[in-house]
Amino acid sequence: MKLIGVTGTNGKTTITYLIEKIFSSQFNVGVIGTINHHFAKRIIKAKNTTPGYIQLQKILHNMFEAKVNLVAMEVSSHGLDQNRIKGLSFDAAIFTNLTPEHLDYHKTIKNYFLSKAKLFQGLKKNAVAIINVDDRWGRKLFSQTKSKIITYGLNKNADIFATEIDMSLEGLSFTVNYDNSAFNVKSSLIGKHNIYNILAAVSCAISQNIAIELIAKGVNRLKSVRGRLQIIKHNQPFRVFVDYAHTPDALEKIICTLNSFKKNKLILVFGCGGDRDKIKRPKMGDIACRLADFTIITSDNPRSEDPKVIAEDIKEGFRGRNMRIELDRYKAISRALNLAKKDDIVLVCGKGHESVQIFKDRIVPFSDQKVIKCLLSRKL
């Protein structure tokens with residue numbers, strides 16, 4: 001099987017889904033990642049982004065038995081650090097970006113980077129490393145691999161870059177430039193960060209000699225990814241989005257993306273996970289304070305921590321009064337929807353695709369999408 005690994009802080013899931021759409025015209029594709037592991041109409045619940053060593057080998061074996069011949073796989077820093085991918089031979093590896101995350105585990109950003117670098121250090125000479133050259137950590141990877149390197153980005157110093165960019169809340173289009181050639185892609189995905197995600201998948205496809213027309217069609221076929229700037233519609237006069245953003249960088253990018261299109265106010269609902277990096281909480285509070293018109297701080301997955309303590313940690317980053325705390329996530333979302341007026345944007349962040357909420361003593365069913373749809377049906 002052809003094996004493609006995707007690593008980085010943000011964008012991994014969307015890129016693997018783009019690869020699936022692009023390559024499915026010529027390959028039987030399997031996907032291993034954060035939302036689930038799926039192939040041949042089978043879906044396996046994902047406990048970890050990158051499964052444990054034995055489970056991963058079992059999934060790959062089952063994919064092989066099902067005649068899967070290309071696997072797009074999210075490769076997490078934990079998975080790399082714990083050697084879960086030991087023995088695998090990747091044909092291509094993609095690096096998206098690196099911002100502070102999982103520092104409760106890695107302790108320093110350098111250690112975090114070195115874990116990611118393992119994927120590229122292990123590449124064979126005839127493999128290809130596809131690297132976001134606009135990211136400073138990406139540029140540090142050049143010396144970490146003996147494989148061929150293809151760079152992508154928004155600047156013309158990249159091997160594959162974007163020009164003639166057009167973005168709206170309906171989607172985006174741009175021209176892909178490479179080797180003195182160019183072609184246009186259109187997508188329902190929203191935002192500048194998705195231009196990078198598309199460029200990464202397109203670069204991978206070009207490196208594997210997929211025809212240009214199949215690449216463009218594949219990009220256009222991916223209409224959305226669950227919990228990734230996913231729009232929820234129920235004939236309401238305002239827009240509602242659900243996103244997985246749970247790091248300062250991701251939260252800032254998502255809010256800035258929506259702010260560039262908003263006609264009125266942006267109302268944000270988010271929290272931070274318990275038993276995870278506590279340093280990011282006031283940073284995310286500061287971002288919310290500066291960029292959202294109003295924020296409702298709520299619970300994410302508090303795990304063993306007191307939800308009120310987590311919320312107070314986030315509140316420390318606020319320097320204004322444009323917020324309130326509502327620990328009950330259902331009530332927080334309900335309040336945001338009730339506050340929303342015509343042409344507002346409601347953004348619910350943190351849990352994305354997740355279908356449960358994890359507390360110290362229990363795990364309860366909870367889907368942001370289902371809750372929003374239920375509340376909108378009652379509201380309207």
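The values are calculated or read from the model by the stated rules, or taken from the named source; none is laboratory data. Please read all numbers here as calculations on a predicted model, not as lab measurements. Glycine gets a Cβ as well: all are built from the backbone with ideal geometry, and neighbour counts include every protein chain shown. The accessibility values were calculated without ligands, DNA or RNA, using every heavy atom of the protein model including side chains. Shrake-Rupley method; radii C 1.70, N 1.55, O 1.52, S 1.80 Å.
For segment 189-338, max minus min Cα coordinate along each principal axis, in Å, sorted largest first?
Here the Cα extents, ordered largest to smallest, are 53, 36, 25 Å.
Can you work out the accessible area per residue across the chain, with the rest of the protein chains kept in place, probe 1.4 Å, in square angstrom?
Per-residue accessible area for the chain comes out at 44 Å².
How large is the Rg to Rh ratio of segment 41-101 when both quantities use alpha carbon positions and Rh follows Kirkwood?
With Rg and the Kirkwood Rh in hand, the quotient comes to 0.96.
With label points built 7 Å along Cα→Cβ from the Cα atoms of ILE165 and ASP328, find their separation and express it in nm.
4.2 nm
Below 12 angstrom from the Cβ of GLY352, what's the summed charge of the other residues (Lys, Arg +1; Asp, Glu -1)?
-1
List the residues whose amide H sits under 5 Å from the amide H of VAL346, counting only those 5 or more places along or on another chain, with H placed 1.01 Å from N in the peptide plane.
Close amide H contacts, sequence-distant or interchain: ARG239, VAL240, PHE241, ILE267.
Give the percent of DSSP beta bridges with both residues in the chain that are antiparallel, rounded to the nearest 5.
Once the DSSP bridges in the chain are tallied, antiparallel ones form about 40 percent.
Size of segment 109-175 along its principal axes in angstrom, Cα-based, largest extent first?
39, 28, 19
Label points 7 Å out from Cα along the Cβ direction at ASN338 and ASN28: separation in nm?
A separation of 5.3 nm, rounded to one decimal place.
Using Cα centres only, tell me the gap between segment 111-128 and segment 292-368 in whole Å.
Centre-to-centre (Cα) distance: 36 Å.
Which of the trypsin sites (Lys or Arg not before Pro) found in segment 1-85 are in a DSSP loop and have at most 11 neighbouring Cβ atoms, other than their own, within 10 Å?
Here the trypsin sites (Lys or Arg not before Pro) that fit, given the DSSP loop and packing criteria, are LYS41, LYS47, LYS67.
Enumerate the residues in segment 56-71 having an amide nitrogen under 19 Å from the point lying 7 Å beyond the Cα of LYS86 toward its Cβ.
Taking a point 7 Å out along Cα→Cβ of LYS86, the residues of segment 56-71 whose backbone N falls under 19 Å are 56-61.
Computed over the Cα atoms, what is the radius of gyration of segment 88-228 divided by 2.2 N^0.38 Å, N being its residue count?
1.08
Looking at segment 75-218 only, what percent of DSSP beta bridges run antiparallel? Nearest 5 please.
Roughly 55 percent of the DSSP beta bridges within segment 75-218 come out antiparallel.
How big is the equivalent ellipsoid of segment 1-104 along its three axes, where each semi-axis is √(5λ) from the Cα gyration tensor, reported in whole Å from largest to smallest?
In descending order the semi-axes read 21, 15, 12 Å.
Extension gain LYS263-ARG139, at 0.36 nm per residue separation less the Cα-Cα distance, in nm?
Taking 0.36 nm per residue and subtracting the Cα distance, the gain is 40.9 nm.
Would you mind listing how long the chain runs along its three principal axes, going by Cα atoms, in whole Å with the largest first?
Largest to smallest, the principal-axis extents are 55, 44, 39 Å.
Using Cα pairs closer than 8 Å and at least 6 residues apart in sequence, work out the relative contact order for the chain, in percent.
Relative contact order for the chain comes out at 13 percent.
Sticking with the crude label model, points 7 Å out along Cα→Cβ, report the distance from LYS278 to ASN209 in nm, one decimal please.
The answer from the label model is 5.5 nm.
If you average the C-alpha positions of segment 198-241 and of segment 36-75 separately, how far apart do those two centres end up, in angstrom?
Here the answer is 22 Å between Cα centres.
Contour minus end-to-end for LYS233 and SER304, with contour as 0.36 nm per residue of separation and end-to-end as the Cα-Cα distance?
22.1 nm
Share of the chain's accessible area from carbon and sulfur, percent, 1.4 Å?
Its accessible area is 49 percent carbon and sulfur atoms.
Compare LEU189, LEU114, LEU347 in a GNM of the chain, Cα atoms joined below 10 Å, and give the one with the largest fluctuation.
LEU114
What residue among ASP313, ASP343, ASP134 shows peak mean-square fluctuation when the chain is described by a Gaussian network model with Cα springs under 10 Å?
Result: ASP343 has the largest fluctuation of those listed.
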